[in-house]
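I have placed the structure first, in the form of structure tokens, so that the comments after it can refer back to it.
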Amino acid sequence: MKLLLLKFFAFAALVFIAAPSFSQYTYFKPLEGFGIELSLSNTNLKRMPMNRNSIASLTVIGDHIIGGTAAKENLAPYIFVASLSKRELLEIKDLSEVLPGQRSIQSGFFRAADNTLFAGTISNSLNNGANPSGHLLQINIGTSGSINVSDLGMPEPGEGIFALTGNSKTNLLYGITYPSGIFFSYNISSKTFKSFKDIAPTLADLKVLDQEFHQLPEEYLSSALVVDNKGMVYGSRSINKIFYFDPADESFHTVTDLPEVWGRRTLGRVEAWATSMDGRIYGGNAGDGQLFEVDSATSKIKNLGKPIMMNRLRGLCFGADEKLYGIAGASPGYAHLFSYDAENEGYTDLGNPQFILTAPGIEQGIQWRGFQLRTITASEDGKYIVMGEDEALSQLLIFPVGK
Amino acid sequence: MQIIYNKFFISGIVCCCLFCLTAFGQAKITKDNIAFIDYSGFPEGQSTWNDIGFSSKYNKVVVGVTNHRDKVALFDYDVSTGKMTNNGLISELAHLRGFQWQAKIHSKIIEGADGYMYFSTDGGESKEEYFMNHPSGYAGGFFMKWHPQAKTFVNLGMGLQYESIKDIDIDPATGTLYGVSYPQAHFLVYDPAKNIMRDLGRLGSSHVPRVLFTDWWGNCYYVDWRQRLVKYQKNGDSLLFARNSLPAFEGTPGEKIVTGITAYAKDKKNNVIYMVTYGAKIVALYPQKNGIGKLVDLGGVADSSNKIESWQPYVPNLNIGNNGKLYYIVGGHGNYVIENKTVLMEFDPATKKHSIIYEYRVDELGEATGSDTKDKEGNLYFAGRRVLDNEDHSKPFLIKFNPGKKVQK
């Protein structure tokens with residue numbers, strides 16, 4: 001009888017606790033999750049100032065989290081290095097000290113076999129409205145986090161670099177320019193660019209994109225490229241198409257449509273790629289936020305649906321638990337962190353992550369909620385997922401994943 | 001002889017009164033110094049949330065009363081006649097559609113140079129908190145203005161899509177409105193004359209600071225996540241960040257720090273703006289036209305006690321009397337100086353002395369909001385509500401208080 005009574009009270013207590021929790025906000029906040037404060041104006045601490053810190057490119061090498069930022073018009077971006085183990089910002093480099101006139105480093109990083117990083121820039125507009133050129137950068141990070149940047153020149157006059165990838169085996173980089181969408185390659189050894197206009201929007205495309213739907217280049221160009229295990233370079237082109245570039249004969253192949261929601265094919269473009277350990281390629285469609293898988297053998301794609309209601313799928317990466325993690329949604333709505341487990345769980349919407357941010361002056365820790373997330377990457381061992389914000393004052397949000 | 005005696009007697013009384021006033025600073029405050037005034041004609045009225053302001057041009061206190069669901073009634077209290085008027089629902093006055101529902105006015109109601117009273121709207125309930133940008137969620141908050149005499153109403157348009165506007169203030173010289181969005185804590189600058197809305201970006205953390213305010217020059221003050229003042233510097237059109245955080249008690253939890261200030265009161269004559277922080281500190285800001293200005297820590301909102309942490313009392317309201325003393329009501333959201341009692345306190349910035357003037361049971365007065373709402377007679381106003389049950393139901397009413405004299409309803 002006593003045991004029964006105890007069971008009853010235990011059950012009642014559980015119901016009492018559970019009921020309100022279902023009706024409350026739940027955040028993805030694993031206890032081990034944490035934030036790193038990167039941005040703060042008017043401080044003695046090493047931080048990036050306001051409007052120059054949207055984390056647009058992100059990678060991890062060993063203990064170093066390396067980022068490239070996007071700034072507001074007429075301001076210059078930064079390259080930063082933070083320590084995963086120390087949970088603090090180590091170094092920042094104001095790009096204007098090396099290469100004046102640039103606004104963003106948003107191509108993503110390509111990491112060569114020797115850990116040299118490559119990234120492209122987009123410049124600020126000139127007073128006459130013309131586009132000055134973006135540049136290809138070579139970035140070397142020292143063991144203490146020091147940042148060394150070299151200017152490798154520009155792929156096309158008057159063009160910035162919107163997307164970048166590469167192939168370590170061939171020592172070649174591949175990119176897409178902004179605003180014209182010209183495909184280019186860069187030979188790291190010979191330091192030479194080569195441009196191809198094959199996948200740039202045609203006049204007929206522009207008539208639809210610009211004149212009919214009033215879309216801007218940043219709304220229709222592919223902002224991500226990926227190289228498959230055969231060396232083919234995949235990206236998107238207008239309108240709503242997937243292409244690949246075959247470096248062997250420098251040919252372009254438009255292979256299939258991006259998954260679309262009826263009526264919105266004009267919005268289709270790839271903005272994220274991730275490759276699994278077994279070589280499968282996953283992509284994210286900005287137009288309506290679908291995740292898809294590319295079968296590189298057949299060049300066919302499989303629409304894996306949408307993790308959340310909104311459009312955009314800004315970033316993808318694999319964790320050590322072999323789940324695919326991604327960022328769905330964007331302004332004017334709210335980004336959701338999600339995971340995708342093809343075998344078992346399918347999608348899990350983790351919502352806005354909220355982790356503890358601790359730094360000198362806020363030692364007690366404050367909850368930091370990620371509303372606008374732009375980039376996501378995994379540590380080399382896949383045990384940490386690192387996310388970069390897209391705010392006027394952007395921070396890093398990091399959480400561990402188990403195998 | 002009788003006349004001389006009378007004169008002597010009256011002079012004596014006057015002298016005694018003067019002596020008492022000199023010795024004790026003011027006449028004794030009794031229950032006659034405070035009045036609770038009901039909002040009539042809106043039985044659904046559930047609460048008020050900082051949405052109170054005074055029209056100096058028309059001598060009216062304006063308050064938004066909500067059913068905390070989808071109806072906000074705009075009331076005005078005529079100080080000269082004591083008449084409370086329900087001027088209608090903002091959803092109707094602003095020609096809102098069903099999908100543009102608004103659950104609260106959460107901002108102050110602030111007077112513009114054109115005589116209009118300006119405010120903003122808020123989702124403020126679960127449909128906003130959880131559904132967010134879903135079609136069943138929240139469309140976004142609006143800037144609005146209402147004229148207390150002509151009774152004309154103007155919808156000035158939305159701030160950010162899907163976001164509430166928790167508080168606004170105005171630059172009286174230019175009519176520029178400043179606002180803060182919820183839940184992302186974006187600082188907004190809106191010029192209604194040119195219909196130019198600018199989003200200056202996110203300044204806060206997970207819990208949005210609810211209050212911003214302006215100085216005499218039209219600069220606006222908010223806080224960042226470190227509880228540092230952030231000043232919108234009108235000259236230069238830029239944000240200026242204070243180097244140091246506002247004073248806080250040792251051990252103040254992070255969620256108190258990130259929520260900034262809860263209320264303010266301005267003393268223009270002495271060039272000081274008093275603030276209360278979410279961590280229960282009273283701080284004096286001596287504003288400057290350019291730059292942040294001097295900050296002085298005036299201590300806690302109550303005398304220290306071993307029954308409650310110094311940072312714990314919740315003070316979402318502040319007024320300044322004609323005597324230069326601060327008056328505020330402590331309590332609400334489970335945080336009290338005296339358990340389950342709401343108290344009206346007096347604080348003298350000169351002596352840093354606290355006094356509890358009134359104590360109320362929570363079913364008499366559970367919480368009060370509102371900043372710097374004073375009429376020409378020195379009456380101070382708070383938007384109060386009494387707790388009806390444990391389900392967060394309450395009944396709102398207007399609090400009129402004058403530390404120097406009896407008040408009439």
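The rows are residues; the columns are (1) of a type in the set (Phe, Trp, Tyr); (2) in a loop (DSSP other than H, G, I, E, B); (3) facing chain A (nearest Cβ under 10 Å); (4) on the phi < 0 side of the Ramachandran plot.
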{"site": "B:Lys231", "(1), (2), (3), (4)": "no, no, no, yes"}
{"site": "B:Leu240", "(1), (2), (3), (4)": "no, no, yes, yes"}
{"site": "B:Asn270", "(1), (2), (3), (4)": "no, yes, no, yes"}
{"site": "B:Ile282", "(1), (2), (3), (4)": "no, no, no, yes"}
Quiz item: Wholly within the stretch A:271-321, which strands (runs of 3 or more DSSP E) include no fewer than the required count, namely at least 1 residues that are surrounded by fewer than 17 Cβ atoms within 10 Å (Cβ to Cβ) and more than 14 Å from chain B (Cβ to nearest Cβ)?
Solution: A:291-295, A:300-303
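Yes/no per residue for (1) without any contact (Cβ under 8 Å) to a residue 40 or more places away in the chain; (2) surrounded by fewer than 19 Cβ atoms within 10 Å (Cβ to Cβ); (3) within 23 Å of B:Tyr178 (Cα to Cα); (4) of a type in the set (Phe, Trp, Tyr):
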| residue | (1), (2), (3), (4) |
| --- | --- |
| B:Ser91 | yes, yes, yes, no |
| B:Arg97 | yes, yes, no, no |
| B:Ile105 | no, no, yes, no |
| B:Ile109 | no, no, yes, no |
| B:Gly112 | no, yes, yes, no |
| B:Phe119 | no, no, yes, yes |
| B:Gly124 | no, no, yes, no |
| B:Phe131 | yes, yes, no, yes |
Quiz item: Applying the selection to the stretch A:96-132, what residues are small (Gly, Ala, Ser) and either at positive phi or modelled with pLDDT of 95 or more (or both)?
Solution: A:Ser96, A:Gly101, A:Ser104, A:Ser107, A:Gly108, A:Ala112, A:Ala113, A:Ala119, A:Gly120, A:Ser123, A:Gly129
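The rows are residues; the columns are (1) of a type outside the set (Ser, Thr, Tyr); (2) under 23 Å from B:Thr48 (Cβ atoms); (3) modelled with pLDDT under 95.
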residue	(1), (2), (3)
B:Lys325	yes, no, no
B:Gly331	yes, yes, yes
B:Asn335	yes, yes, yes
B:Val343	yes, yes, no
B:Thr351	no, no, no
B:Arg361	yes, yes, yes
B:Gly366	yes, yes, yes
Exercise. Sort out which residues of the stretch A:357-371 are buried (at least 23 other Cβ atoms within 10 Å of the Cβ) and more than 7 Å from chain B (Cβ to nearest Cβ), and write them in order of number.
Key: A:Leu357, A:Gly370
Exercise. Considering only the stretch B:318-331, state which residues are surrounded by fewer than 24 Cβ atoms within 10 Å (Cβ to Cβ) and among the small types (Gly, Ala, Ser).
Key: B:Gly321, B:Gly324
Quiz item: Got a sec? Which of B:Asp167, B:Asp191 is away from chain A (no Cβ under 14 Å), among the charged types (D, E, K, R) and farther than 26 Å from B:Leu246 by Cα?
Solution: B:Asp191
Quiz item: Applying the selection to the stretch B:232-244, what residues are buried (at least 20 other Cβ atoms within 10 Å of the Cβ) and out of contact with any Ser or Thr (no Cβ under 9 Å at 6 or more places or on another chain)?
Solution: B:Ala242
Quiz item: How many of the residues making up the stretch A:38-58 are of a type outside the set (A, V, I, L, M), surrounded by fewer than 24 Cβ atoms within 10 Å (Cβ to Cβ) and either within 14 Å of chain B (Cβ to nearest Cβ) or closer than 19 Å to A:Gln372 by Cα (or both)?
Solution: 7
Self-check item: Selection from the stretch A:343-356 of residues that are more than 14 Å from chain B (Cβ to nearest Cβ) and either charged (D, E, K, R) or free of Cβ contacts under 8 Å to residues at least 40 places away in the same chain (or both)
Solution: A:Glu343, A:Asn344, A:Glu345, A:Gly346, A:Thr348
Self-check item: Residues located in the stretch B:333-372, provided they are outside any strand (DSSP E or B), buried (at least 23 other Cβ atoms within 10 Å of the Cβ) and small (Gly, Ala, Ser)
Solution: B:Gly366
Quiz item: Which pairs do you get when a residue that is closer than 25 Å to B:Ile338 by Cα, found in the stretch B:284-304, comes within reach of a residue that is at pLDDT below 95 and among the aliphatic types (A, V, I, L, M), reach meaning Cβ atoms under 6 angstrom, with the pair 6+ apart or on two chains?
Solution: B:Ala302/B:Val337
Quiz item: Quick one: is B:Val315 surrounded by 18 or more Cβ atoms within 10 Å (Cβ to Cβ), within 17 Å of the chain's Cα centre (by Cα) and part of a loop (DSSP other than H, G, I, E, B)?
Solution: yes
Practice problem: Restrict the check to the stretch B:255-263 and report whether at least one residue is of a type in the set (S, T, N, Q), in a strand (DSSP E or B), more than 10 Å from chain A (Cβ to nearest Cβ) and under 20 Å from the mean Cα position of the chain (by Cα). | Solution: yes
Quiz item: If the Cβ limit is 6 Å and pairs must be 6+ apart or interchain, which residue in the stretch B:137-163 that is within 14 Å of another protein chain (Cβ to nearest Cβ) pairs with which residue that is surrounded by 20 or more Cβ atoms within 10 Å (Cβ to Cβ) and among the β-branched types (Val, Ile, Thr)?
Solution: B:Gly141/B:Thr121; B:Gly141/B:Ile165; B:Gly159/B:Ile165
Exercise. Go through the stretch A:85-107 and count every residue that is under 17 Å from A:Ser394 (Cα atoms) and in contact (Cβ under 8 Å) with a residue 60 or more places away in the chain.
Key: 3
Self-check item: Hey, B:Phe131 among the hydrophobic types (A, V, I, L, M, F, W, C), under 30 Å from A:Ile308 (Cβ atoms), more than 18 Å from the chain's Cα centre (by Cα) and within 14 Å of another protein chain (Cβ to nearest Cβ) or not
Solution: yes
Quiz item: Do the conditions hold for A:Glu380, that is, is it assigned to a loop (DSSP other than H, G, I, E, B) and surrounded by fewer than 18 Cβ atoms within 10 Å (Cβ to Cβ)?
Solution: yes
Practice problem: Collect the residues in the stretch B:147-186 that are in contact with a helix residue (DSSP H, G or I) (Cβ under 7 Å, 6 or more places away or on another chain) and over 22 Å from B:Gly260 (Cβ atoms), keeping them in residue-number order. | Solution: B:Phe153
Quiz item: Considering only residues of the stretch B:194-210 that are in a strand (DSSP E or B) and away from chain A (no Cβ under 11 Å), which is surrounded by the most Cβ atoms within 10 Å (Cβ to Cβ)?
Solution: B:Met197
Self-check item: Check on A:Asp63, without any contact (Cβ under 8 Å) to a residue 40 or more places away in the chain and charged (D, E, K, R)
Solution: yes
Quiz prompt | Top-ranked residue of the stretch A:224-245 - restricted to ones that are among the hydroxyl-bearing types (Ser, Thr, Tyr) and over 22 Å from A:Thr170 (Cα atoms), ranked as surrounded by the most Cβ atoms within 10 Å (Cβ to Cβ) | solution = A:Ser236
Quiz item: How about the stretch B:216-229: which of its residues are more than 11 Å from every other protein chain (Cβ to nearest Cβ), crowded, with 17+ Cβ neighbours inside 10 Å and not in a strand (DSSP E or B)?
Solution: B:Gly218, B:Asn219
Exercise. Just give me the residues in the stretch A:144-176 being within 19 Å of the chain's Cα centre (by Cα) and within 21 Å of A:Ala274 (Cα to Cα), in sequence order.
Key: A:Ile161, A:Phe162, A:Ala163, A:Leu164, A:Thr165, A:Gly166, A:Asn167, A:Leu173, A:Tyr174, A:Gly175, A:Ile176
Quiz item: Of everything in the stretch A:322-335 that's over 16 Å from A:Arg269 (Cα atoms) and not in a loop (DSSP other than H, G, I, E, B), which residue is farthest from the other protein chains (Cβ to nearest Cβ)?
Solution: A:Leu324
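The values are calculated or read from the model by the stated rules, or taken from the named source; none is laboratory data. None of the values given here were measured: they were computed from a predicted structure. Note that each Cβ is placed from the backbone with ideal geometry, even for glycine, and that neighbours are counted across all protein chains shown.
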